[in-house]
Amino acid sequence: MVTFKKIKVGKKYIQALAMKLGQKNLVVLRGERGYMMCGYLNLTVANKFKEVAIKVTGVATIEDALAARVHSCALPALKMGIRPGQRVRDVLKIIA
């Protein structure tokens, strides 16, 4: 099963995707400036490609991700002011 949504953030939109991968769900929220991903995210690779990437854990749905807090993030995300512990809803304003 795949779920896709567009989430309005100010005047922009975030694309949200959730899909079953094996026993777990892959959850991604993507904006123009960066993306947020569930525990599948490999921050080492995101840093290698200089991507604004944010990781959240313990989420299985788009709604879970929206209610979560940042677990960790790539260096480019830190440079944009994103920090572990921030609410995902606040981060979406930065990456939209």
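Computed from the coordinates by the stated procedures, all read-outs in this text should not be read as laboratory data. Predicted, not measured: the structure shown is a model, and the values here were computed from it. Cβ placement follows ideal geometry from the backbone for every residue including glycine, while neighbour counts extend to all protein chains displayed.
Just subtract the alpha-carbon distance of Arg30 and Lys93 from 0.36 nm times their residue separation and send over the number in nm, one decimal.
Full extension from Arg30 to Lys93 adds 21.5 nm.
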Which labelled figure in (1) 37; (2) 28; (3) 43 is percent of Cα pairs over 20 Å apart, once derived from the coordinates: (2)
Total lysine pairs under 16 Å (Cα atoms) in the chain, excluding pairs fewer than 8 apart on one chain: 11
Per-residue Cβ neighbour rank within 10 angstrom, fewest leading, Tyr40, Tyr35: Tyr40, Tyr35
